[in-house]
Each structure stands twice: as structure tokens, then as C-alpha cells.
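J.: Right, I'll just put the structure down here and ask away after.
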Amino acid sequence: MKHLIKTVLASACLATAAASLVAAPAAAAEPFKIGLIVPMTGPFASTGKQIDTAVKLYMQQHGDMVDGRKIEVILRDDGGLAPETTKRIAQEMVVQDKVNVLAGFGLTPLAFAAAPVATQAKVPMVVMAAATSSIVKKSPYIVRTSQTLPQVTAPLGDWAAKNPKIKTAITLITDYGPGHDAEKVFIKHFTDGGGKILESIRVPLQNPDFGPFLQRVRDAKPNAVFVFVPSGPGSALMKQFAEKHLTDAGIQLIGTGDVLDDDLLPSMGNEALGVITSQHYSAAHKSPENKAYVAAFEKLTNNKMRPNFMSVGGYDGMHLIYAALKKAGPDATGDQLLAAMKGMSWTSPRGPVSIDPETRDIVQNIYIRKAEKVDGQIYNVEFETIPNVKDPGV
Ligand code: PHB
């Protein structure tokens, strides 16, 4: 009896060993891991929540298998404010989790901090949010699915210069990378078209108080104030804009779409009405793809969230990763995935997009929009399209 038990055990062990030998060569059985680093807490939590929801939506719609390989997303919150935290998380994801792709990156300083990690690990880094022009230059492994501030601002500078009611303007931007890009590009395009800049104001990134700056704008009486604030503090700026009665003083608010993003817009009051912005995405974009996207996003969040431009950065980032894996095959290396991403084109909820094979930046339509009520709710309604805009740089 004893002997029989031993034999049974031994053969069971052999069977297990044989099974693991058979399983061993199939390295592709390891999941394909996407390390998603976004702010889920703090002043920029809306960015992380929008991207995380879009990533979940993409996987719900397209499944978690690509070419026989299981896709696993590892989500980490970096809090949005400390570049060294983002860098440490990226390092942990590469070394311990052995991720195949890094993704997310809510703000420019955080993308800058993670770039050397991607280069060293030879892992593609899909920037889904951060938008300073120079980010793609920080690593040959960076591919961007969000926007760049020069790309979005240049068309608005041209539009403002052509508007007979806007002869003078003040720029008011958040004092860091994307704000500096927006300021420089707006001034160039507006003044090249004949406009005059009265003053350029910079507001700190952390804990901004817009009141005194908007008072300065009111006192200088320009025809328009051009603003860039990162997605998040827009509501505070709009509240102060209303309190200082800038519209009554005849000052038109214009800016990049970040100030009136679709996540915050439903909670803003009528002070948002009439504001002119430029951007690559509006929840009111009229296309069958976007109609389906907005409906699915709202359903997934029980109608608690409207998708904003950050969400499409995440949704399209996932599309890019899935499509690259399909093209390069389930065992693709980081370099092979990167090669597959370059030049890729598809129809996004925002319209037609492609990845410039030289710069690895997204090429997309930019829309000029006016905030208006549609069925009782405020939306950025697109009224002009500038097709296939590449990042012009600064
Ligand atoms: C950035 O930090 O690059 C950034 C963040 C939020 C935006 C735009 C740019 O809305």
C-alpha cells in the first residue's frame, strides 16, 4: 500500500513536471502588461479617472486577448504632483512587473521624469495626456495620443487675429511647460495676423488664485483674454471670471479647450456660455463613432461622467497598443511594437488621426468651438475644422 501511494505520488509529480515542461516554451502565455500611471487623487484626479474609465471601456468593447495573448493593465496612482514618484513607479513597473508598455502620464513634468526609464528599458511609453511639444524628444520610445499645446493653440491665434472684434489681447497661462508653449504660439500667430498683445500673465501651477490676475486683465481692458490652464482648475478660473464681470466689461474669453473640458463643463454655470476654445475633442463632436463613444462611456459610468479629451487620449492609446500588438505579433519586442506604432492611422471618436512616423506625435483635426446650450446642457459646439494638424513646435 505504502509503495502504491509512493508510485502514484511520483507519477503525479512527473505529470506535473511534464505539463510545466510543455508549458515552459510558450513564453507568450505570460500576459502582455500595460503599466498605466495616472493621477487618481489630488487636483488632477479627473485626468486619471477619465483615462482609467476609457481604458476599461476599450477593453470591455475589444476583449482582453490580442492574438492569443492576454492583456493585463496595472493601474498606479502617482498623485499628479511629484515627478520623482512617477519615475519610481515607472522603474518598479519595468523591473518588478516587467511591463511591455508604459502608459498614461497626466502632466508634463511627470512624462519628462519617466522618459529615461522607457529609453533604458526599451519599452514604448504611450503618453495619453501630457502635452508640452518637446515631450516626444525626451525618449525615442515615446508615442503620444493626446495633443500638443502648439498644435491646438496655433489655429486659435489665427482665428483671433482674423476676428474683427479682437484687436488686442492679454495672455494668461499656467506657469510651466504647456503654458509656455501656448503663450509663445498664441502671441506669434495673433501678432503675425495683426493683433496686439497688451500683457502676458503667468499663474502658478499649484494652488492658483486667479482673482488678482483677472482683476489685472479687467483693468487693462483688452478685447480678449487668451487662457491656458491644465485640465482641472478650469472651474475655479471660470468662477472668478464671472465674479469679476469680465464679460460685462466687454472682454471675450478665448483659450485652449483645457479650461472648459467636458468633465467639468456640466458643473459650470452660464459663465461658460459664449467662451471660444480650440481643441481636438468635444463630447458634442458630430460623428457616428463619437455618438457611440459618448453613449458607451456614459453608460459605463451610470451617467455620472461625460467623456473629455483626456479620455480619448486613453481610448486611442489603447487602440494604438492593441493594433501594434496585432501587427507585430504576440511576442513582439518593445522595438518591434514601436515600429508598428509609427505611421498607424485610424478613426477616433475625435475624428481621423495618425501617428507621425518621424516625430511619433499624433496628427489630428483641430476644431474651433463655442460653449452653447444643447438640450439644456452646456457643450463645446464645433463650428470650424482645421484638418490634419501636426505639432508645429515652438
Ligand atoms: C501637461 O501638463 O502637459 C498638461 C496637463 C493637462 C492639460 C494639458 C497639458 O490639460
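J.: Do you know which residues across region 78-102 are at negative phi, surrounded by fewer than 19 Cβ atoms within 10 Å (Cβ to Cβ) and more than 13 Å from the ligand (Cβ to nearest atom)?
T.: The answer is Ala82, Glu84, Thr85, Arg88, Gln91, Glu92, Val95, Gln96, Asp97.
J.: Moving to a separate point now. Here is a list: Val185, Val217. Which entry is surrounded by 17 or more Cβ atoms within 10 Å (Cβ to Cβ), modelled with pLDDT of 95 or more and more than 16 Å from the ligand (Cβ to nearest atom)? Full working, then the answer.
T.: Values: Val185 fails: more than 16 Å from the ligand (Cβ to nearest atom).
Answer to the check: Val217.
So that you can scan it fast, the table gives a plain yes or no per residue for (1) within 16 Å of the ligand (Cβ to nearest atom); (2) surrounded by 15 or more Cβ atoms within 10 Å (Cβ to Cβ); (3) modelled with pLDDT of 95 or more; (4) closer than 27 Å to Pro307 by Cβ:
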residue: Ser200; (1), (2), (3), (4): no, yes, yes, no
residue: Pro222; (1), (2), (3), (4): no, yes, yes, no
residue: Val229; (1), (2), (3), (4): yes, yes, yes, yes
residue: Gly234; (1), (2), (3), (4): yes, yes, no, yes
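J.: Residues of region 56-85 being touching a strand residue (DSSP E or B) at 6+ places or on another chain (Cβ under 6 Å) and touching a residue at least 12 places away in the same chain (Cβ under 8 Å), which ones? Lay out the reasoning, then the answer.
T.: In the first step, residues of region 56-85 are kept if they are touching a strand residue (DSSP E or B) at 6+ places or on another chain (Cβ under 6 Å); the result is 64, 69, 71-76, 78.
Those that are touching a strand residue (DSSP E or B) at 6+ places or on another chain (Cβ under 6 Å) and touching a residue at least 12 places away in the same chain (Cβ under 8 Å): Arg69, Ile71, Glu72, Val73, Ile74, Leu75, Arg76, Asp78.
Every residue, every condition in (1) open to solvent by less than 20 Å² (accessible area, probe 1.4 Å); (2) under 23 Å from Val152 (Cβ atoms); (3) within 13 Å of the ligand (Cβ to nearest atom); (4) modelled with pLDDT under 95, yes or no:
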residue: Lys239; (1), (2), (3), (4): no, no, no, yes
residue: Ile251; (1), (2), (3), (4): yes, yes, no, no
residue: Gly255; (1), (2), (3), (4): yes, yes, yes, no
residue: Val275; (1), (2), (3), (4): yes, yes, no, no
residue: His285; (1), (2), (3), (4): no, yes, no, no
residue: Tyr293; (1), (2), (3), (4): yes, yes, no, no
residue: Leu300; (1), (2), (3), (4): no, no, no, no
residue: Met318; (1), (2), (3), (4): yes, yes, no, no
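J.: Additional query: Which one of Ser354, Ser348 is within 23 Å of Gly104 (Cα to Cα) and open to solvent by less than 10 Å² (accessible area, probe 1.4 Å)?
T.: Criteria check complete, one pass: Ser348.
J.: Can you tell me which residues in region 259-268 are open to solvent by 30 Å² or more (accessible area, probe 1.4 Å) and not in a loop (DSSP other than H, G, I, E, B)?
T.: Narrowing region 259-268 to residues open to solvent by 30 Å² or more (accessible area, probe 1.4 Å): 263, 266-267.
Residues satisfying the conditions are Pro266, Ser267.
J.: For region 103-121, does any single residue satisfy the condition of being within 16 Å of the ligand (Cβ to nearest atom) and without any contact (Cβ under 8 Å) to a residue 24 or more places away in the chain?
T.: Of all residues in region 103-121, those within 16 Å of the ligand (Cβ to nearest atom) come to 103-115.
Among the residues that remain, those that are also without any contact (Cβ under 8 Å) to a residue 24 or more places away in the chain are: none.
No, region 103-121 contains no residue that is within 16 Å of the ligand (Cβ to nearest atom) and without any contact (Cβ under 8 Å) to a residue 24 or more places away in the chain.
J.: Which of the following residues is surrounded by fewer than 16 Cβ atoms within 10 Å (Cβ to Cβ), touching a residue at least 24 places away in the same chain (Cβ under 8 Å) and of a type in the set (Gly, Ala, Ser): Gly177, Gly193?
T.: Gly193
J.: Inside region 132-238, counting only helices (runs of 4 or more DSSP H) that do not spill past its ends, which hold 1 or more residues that are of a type in the set (S, T, N, Q) and closer than 23 Å to Tyr281 by Cα?
T.: Passing ranges, in order: 149-162.
J.: With (1) farther than 25 Å from Gln364 by Cβ; (2) charged (D, E, K, R); (3) away from the ligand (no atom under 16 Å from the Cβ) as the list, and Asp175 as the residue in question, which single condition is left unmet?
T.: Looking at each condition in turn, Asp175 falls short on (3).
J.: Still on this model: Looking at Glu243, Glu289, Glu271, which one is among the acidic types (Asp, Glu), open to solvent by 50 Å² or more (accessible area, probe 1.4 Å) and in contact (Cβ under 8 Å) with a residue 40 or more places away in the chain? Walk me through it before giving the result.
T.: Values: Glu243 fails: in contact (Cβ under 8 Å) with a residue 40 or more places away in the chain; Glu271 fails: in contact (Cβ under 8 Å) with a residue 40 or more places away in the chain.
Just a single option satisfies the conditions, and that option is Glu289.
J.: Going residue by residue through region 142-150, is there one that turns out to be open to solvent by 10 Å² or more (accessible area, probe 1.4 Å) and within 11 Å of the ligand (Cβ to nearest atom)?
T.: Applying the first criterion (open to solvent by 10 Å² or more (accessible area, probe 1.4 Å)) to region 142-150 yields none.
Checked against the condition, which is being open to solvent by 10 Å² or more (accessible area, probe 1.4 Å) and within 11 Å of the ligand (Cβ to nearest atom), region 142-150 yields no hits at all.
J.: Anything in region 217-240 that is farther than 10 Å from Ile170 by Cα and in contact with a strand residue (DSSP E or B) (Cβ under 8 Å, 6 or more places away or on another chain)? List them, or say none.
T.: Within region 217-240, Phe228, Val229, Pro230, Pro233, Leu237 qualify.
J.: Pairs under 8 Å by beta carbon, first residue of a type in the set (Val, Ile, Thr) in region 320-334, partner part of a helix (DSSP H, G or I), six or more apart or different chains?
T.: Hits for this filter: Ile321/Leu337.
J.: From the list Lys137, Lys167, which residue is of a type in the set (Lys, Arg), open to solvent by 10 Å² or more (accessible area, probe 1.4 Å) and within 15 Å of the ligand (Cβ to nearest atom)?
T.: None of the others qualify; the one that does is Lys137.
J.: Please list, ordered by residue number, the helices (runs of 4 or more DSSP H) wholly in region 1-109 having 3 or more residues that are at pLDDT 95 or above.
T.: 45-62, 83-95
The values are calculated or read from the model by the stated rules, or taken from the named source; none is laboratory data. These figures come from a predicted structure and were not determined experimentally. So basically every Cβ, Gly included, is an ideal-geometry build from the backbone, and we count neighbours across all protein chains shown. Just so you know, the surface numbers come from the protein's heavy atoms only, side chains and all, with ligands and any DNA or RNA stripped out. Shrake-Rupley method; radii C 1.70, N 1.55, O 1.52, S 1.80 Å.
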